[in-house]
1. Out of every Cα-Cα pair in the stretch B:55-199, what percent are more than 17 Å apart?
2. At 0.36 nm per residue, and after removing the present C-alpha to C-alpha distance, how many nm does the segment from residue B:80 to residue B:60 gain when stretched out fully?
3. Straight-line reach from residue B:182: which lysines have Cα under 17 Å away, leaving out those fewer than 8 places along the same chain?
4. Please return the longest stretch of chain A lacking exposed loop sites, where GluC sites (Glu not before Pro) count only if DSSP places them in a loop and at most 13 other Cβ atoms lie within 10 Å.
5. Are there GluC sites (Glu not before Pro) in the stretch B:121-180 that DSSP marks as loop and that have at most 16 other Cβ atoms within 10 Å, and which are they?
6. Where the centroid of each part is defined by its Cα atoms, how far is the stretch B:49-85 from the stretch A:97-158 in Å?
7. Which residues among the stretch B:157-179 fall inside the zone where the amide N is under 13 Å from a point 7 Å beyond the Cα of residue B:189, along Cα→Cβ?
8. Helix-only estimate, please: 222 nm mean residue ellipticity of chain B, summing -39500 (n - 2.57) across DSSP H runs of length 4 or more and dividing by its residues, to the nearest 500.
Amino acid sequence: MSKFKKKKGGGLPAINTASLPDIVFMLLFFFMVATVMRDNSLMIDNSLPSASEVEKLEKKNLVMYIYIGKPSRNYKKKYGTEARIQLNDKFAEVSDVAAFIAAERASKREEEIPFLITSLKVDKKANMGIVGDVKQELRKVNALKINYASIKGDVSRN
Amino acid sequence: MAKRAAPEVNAGSMADIAFLLLIFFLVTTTMEKDSGINRKLPPIEDSQEDVIIKQKNIFTVLLNGKDQLLVEDELMELKDLRAAAVKFLDNGGGTDVNGNRCDYCHGLKDPSSSDHPDKAIISLKNERKTSYGTYISVQNELVAAYNELRNKRAQSQYGESFITMQKNYKDVNWKGNKEKLKEKINQIKTDYPQKLSEVQ
């Protein structure tokens, strides 16, 4: 009668996980293709204002970023609470903007220079004084194409 | 000697490795597309020649340090700004530089307001204390006023809105004559040129 003995006692059969790596790799490739590397880590608060008439910035490699906002919590002690400029990973003064633009231009190919756009990523709580200073500085170095970075949304949220 | 089968490589940790890579990419990359309001700053000119512009062709918008809006010497709410700007730009009370009347304007033809969309200038002034959020709201309303007029013009002229035309122009998959579309877009832009000056 032992012929009809059950092979094994109850218990669930193990789930085959052989295809798990494939699935994860698929996700991995999706993220590798669809995203770009983060280039600066922000040291300031940067909540952008909303606007309804926004246009998209197409060529990411032709954009120079200038961040303005209050130093974030970790830097408050050292840099105070007044809005400041951040260029590439460090705090900067208004007078550094010209040098920053020159450096960015030097790193681009010559034929790309006329198409460079400066994106001003300014916190909505910052005041216009510092933004005006930066704009004036940009005019001096002839970087006239600017973009006020903002999120698509209703202006009532500003 | 009997051939021995190659031992199977254990792929159990493959998923772990892939997960590790995945998490690395999730953390270090961003997906956001940048968007914003495009503007062109005026170049610094050496010549100190003053161009004389008639007062009636300038629409002054002043934002003070308390984020209050003063339009043409009157207090105004943000929600009324767009309509006021449209009214001013589309007035068409006189002629442009070449002496042509604005035959596409739907405005009131008030002789005390702007002569022609080509001549009408919006001047936006702010103080140092003005908050950036409010400033962007005002910029947005003014750009919206221009877009509204351009949309209307494009709709009557070419049967589609200006925004759609611009979107089609940027769209790689759009099937149509891009050169012609560019011409149309430029035509609309010359009909309603965006003359928005930001004075410090």
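Where a number appears in this text, it was derived from the coordinates with a stated rule and is not lab data. Only a predicted model underlies this, so the values are computations on that prediction, with no experimental measurement involved. Note that each Cβ is placed from the backbone with ideal geometry, even for glycine, and that neighbours are counted across all protein chains shown.
1. Numbers: 6530 of 10440 pairs.
It works out to 63 percent of all Cα pairs.
2. Working: separation 20, 0.36 × 20 = 7.20 nm, distance 1.45 nm.
Roughly 5.8 nm would be gained on extension.
3. B:167, B:170
4. The longest uninterrupted stretch comes out as A:94-158.
5. Numbers: sites: B:127, B:141, B:148, B:160, B:179; in loops: B:127, B:160.
Here the GluC sites (Glu not before Pro) that fit, given the DSSP loop and packing criteria, are B:127, B:160.
6. 24 Å
7. Answer for the stretch B:157-179: B:166-167, B:169-170.
8. On the way: 5 runs with 77 residues, N = 200.
Rounded to the nearest 500, it is -12500 deg cm²/dmol.
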